[in-house]
Amino acid sequence: MDLYIGLLGCGTVGAGVVSLVRRRAGKVADMTGSRPVVKTILVRDTTKDRGVPFEHERLTTNPDDVLHDDAIQVVVETIGGIEPAKTYILEALKRKKHVVTANKDLIAVHGPEILRVAAENRVSVLFEAAVGGAIPLVGPLKENLTANEVTDLKGIINGTTNFILSEMTARHIDFEEALAMAQELGYAEADPSSDVDGLDAARKLVILSSIGFQTQVHLSDVRVEGIRHITATDVRYADELGYVIKLLAVGRDRGGELTLAVRPTLIPKVHPLAHVSDAYNALYVRGDAAGDLMFFGRGAGRMPTASAVVGDIISLIRNLKLGYVVSSPNGGAATTKPVVDREDERYKYYFRLLAQDQPGVFASIAQLFGENHASMETVLQKRVRGSCAEIVIVTHDISSSKARRMIADLKALEHLHAVECVMPVEPVAE
Ligand SMILES: NC(=O)c1ccc[n+]([C@@H]2O[C@H](COP(=O)([O-])OP(=O)(O)OC[C@H]3O[C@@H](n4cnc5c(N)ncnc54)[C@H](OP(=O)(O)O)[C@@H]3O)[C@@H](O)[C@H]2O)c1
């Protein structure tokens, strides 16, 4: 029996879905008795070359050809963004169609509403591709690890910024040059703000935390800092000190209180996350029974993302056979966990300061660190720009609130021109 799919959007991911569904259809039919067939595809321009030959699939610019077709049981959304994707998905659910989506923007912000409408209509919504491309993250957190209290989620979940930081490290180039390379290679969009300002990683952290910590997390709960201010100088100092800089997404559950952050972080070169380069993604998960797990792989791209989407389609077909509906991301957990900006989290901190190169200036900086009981692990006094000296300090562990207070105090110091960059340092092993 054929199981008809309506595809909304046929760009990078959608075209991959068309070819992978075709490739796997026979095997899925053998396994489940249902052969997935893409029946209708919604696009804006039906004449465009999409890199896949269309056979029996019908291309249309009218969404009703998918949404109002009673033969279509599964709608796959690969348009992206909020609208019209949200309207189409809600319409599909209300018409009792199951939905698979790769849309992290939509799930991170409107996930609860979409899941509620799916539950009301007794249909499934699956979104493995929304986080980590090919890497199975949603499934393991939702299914395989449910015997655990997940306490930590930590990872590199934005390929664009990881590519940019990797290029800055390998080629000793500045942010702007690395960004231009990423745009040329198609890793970054013309407007890269969602990636480089950390929003994309924050959205993914919202999805992962809601599932992993079994609660409902909102985008505004995440403290977000991007990578625009990271310079080739910071990358070089980090290298000299034995670190690499990565945009790290961190979620922690400490006794039912969550902390959520996306920020550039110094990672020791011996740490496994330091070796996650280019557009690869990786996520560490700590569960009270499972211990530490690390997931690694391609976080984006046509076929890696199609792998996750088509995996969801096949799960859906299996579930349909069993009469099983999946619409809740966290087993319907009713708990609400407070998200706190924990003042007492302790890290080493990297400070890069620009100061007047004259006697007594370093002494006043050292005094300020002393008064704050922030002992220095490493100090570098480097290149002199005109009459300025660059001072890099890595502290021993201090609380985040103290680091914030010290930035304000440093800015008030006479002869200190700028606090140019401050980043936490990830410990080798907790
Ligand atoms: N690209 C990746 O590696 C990747 C990885 C993980 C997740 N995702 C997610 O997957 C989704 C799709 O990404 P993508 O890279 O495949 O995007 P894309 O290449 O820009 O493709 C978008 C498709 O949607 C169609 N479309 C856009 N607006 C439409 C509208 N108003 N009505 C009908 N069709 C419309 C476009 O049609 P035309 O072609 O006719 O213009 C195009 O075929 C996004 O949610 C993204 O976040 C992507």
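The relative contact order of segment 346-425, computed from alpha carbon pairs under 8 Å that lie at least 6 residues apart in sequence, is 50 percent. Placing a label point 7 Å from the Cα of ALA232 along the Cα-to-Cβ direction, the residues of segment 171-204 whose backbone N falls under 13 Å of that point are 171-179.
With respect to the chain, whose longest principal axis is taken over its alpha-carbon atoms, helix 104-120 is tilted by about 40°.
Less than 28 Å apart at the alpha-carbon level, and either on another chain or at least 8 residues along: which lysines does that give for LYS402? Straight-distance partners of LYS402: LYS154, LYS246, LYS269, LYS337, LYS348, LYS382, LYS411. For the residues ARG254, ARG35, ARG352, a GNM of the chain with alpha-carbon springs under 10 Å puts the largest fluctuation on ARG254. Quick one: which residues, 5 or more positions from VAL339 or on another chain, have an amide H under 5 Å from its amide H? H modelled 1.01 Å from N in the peptide plane, none for Pro or chain starts. For VAL339, whose amide H was placed from the backbone, the distant partners under 5 Å are LEU258. Between LYS269 and LEU219, the FRET efficiency from the beta-carbon distance, with R0 = 25 Å, is close to 0.20. If the cut-off is a Cα-Cα distance under 19 Å, which lysines reach LYS94, setting aside same-chain residues fewer than 8 apart in sequence? Candidates past the 8-residue exclusion: LYS86. Which one, LYS48, LYS104, LYS39, has the greatest fluctuation when you compute a Gaussian network model over the chain with C-alpha springs under 10 angstrom? Judging by the Gaussian network model, the answer is LYS48.
Calculated accessible area for the chain comes out at 42 Å² per residue, all protein chains present (probe 1.4 Å; ligands, DNA, RNA ignored). Label sites at ASP2 and VAL384, each approximated as a point 7 angstrom past Cα along Cα to Cβ, lie 7.9 nm apart. Among the protein heavy atoms, those of PHE54 account for about 60 Å² of accessible surface (1.4 Å probe, every chain in place). Considering the chain at the alpha-carbon level, its Rg and Dmax are found to be 24.1, 83 Å. The charge dipole of segment 138-298, taken about the Cα centre with unit charges on the Cβ atoms of Lys, Arg (+1) and Asp, Glu (-1), comes to about 400 debye, rounded to the nearest 20. Rolling a 1.4 Å probe over the protein heavy atoms of the chain, with every protein chain left in place, gives an accessible area that is 50 percent carbon and sulfur. Computed over neighbours whose Cβ is under 12 Å from that of GLY311, the net charge equals 0, Lys and Arg +1, Asp and Glu -1. Computed about its Cα centre, the charge dipole of the chain is approximately 1020 debye, with only Lys, Arg, Asp and Glu carrying charge at their Cβ. Were the residues from VAL340 through GLU420 laid out at 0.36 nm apart, the gain over their Cα-Cα distance would be 26.1 nm.
Put +1 on the Cβ of every Lys and Arg and -1 on every Asp and Glu Cβ in the chain; which of LEU59, SER277, ALA182 then has its Cα farthest towards the positive end of the dipole? Positive-end residue among those listed: LEU59. Annotation for ASN372 and ASP292: the two label points, set 7 Å from Cα along the Cα-Cβ direction, are 2.8 nm apart. For segment 11-24, putting each phi into the Karplus relation 6.51 cos²θ - 1.76 cosθ + 1.60 with θ = phi - 60° gives couplings of x, 3, 6, x, 5, x, 5, 4, 6, 6, 4, 4, 4, 9 Hz, in residue order, rounded to whole numbers and with x for Gly and Pro.
Mind checking the dipole of segment 346-425: about its Cα centre, +1 per Lys or Arg Cβ, -1 per Asp or Glu Cβ, Debye to the nearest 20? Kindly include the intermediate steps, with their values, before the conclusion.
Values: 10 positive and 8 negative charges, 50 e Å.
The dipole of segment 346-425 has a size of about 240 debye.
Accessible surface of LYS27, taken over heavy atoms with a 1.4 Å probe and every protein chain present, rounds to 110 Å². Of the residues ALA279, ALA300, ALA232, which exhibits the maximal mean-square fluctuation in a Gaussian network model of the chain defined by a 10 Å Cα contact cut-off? Comparing ALA279, ALA300, ALA232 in a Gaussian network model of the chain, the most mobile one is ALA232. Extension gain for PHE54-LEU354 works out to 102.1 nm (0.36 nm per residue, less the C-alpha to C-alpha distance).
Percent relative contact order of segment 202-327, based on C-alpha pairs within less than 8 angstrom and at least six residues apart?
On the way: 131 pairs, mean separation 20.3, N = 126.
Result for segment 202-327 is 16 percent.
The 1.4 Å probe gives accessible areas that order GLU371, GLU143, largest first, as GLU371, GLU143. Of the trypsin sites (Lys or Arg not before Pro) found in segment 120-176, the ones in coil according to DSSP and having at most 15 other Cβ atoms within 10 Å of their Cβ are ARG122. Put a dot 7 Å past the Cα of ASP30, heading toward its Cβ, do the same for ASP64, and the two dots end up 4.2 nm apart.
The values are calculated or read from the model by the stated rules, or taken from the named source; none is laboratory data. Fair warning: this is a prediction, and the values are worked out from it, not measured in the lab. Neighbour counts are summed over all protein chains in view; Cβ atoms, including those assigned to glycine, are modelled from backbone coordinates with ideal geometry. For the accessible areas, the whole protein counts, side chains as well, though only heavy atoms, and no ligand, DNA or RNA atoms are used. Shrake-Rupley method; radii C 1.70, N 1.55, O 1.52, S 1.80 Å.
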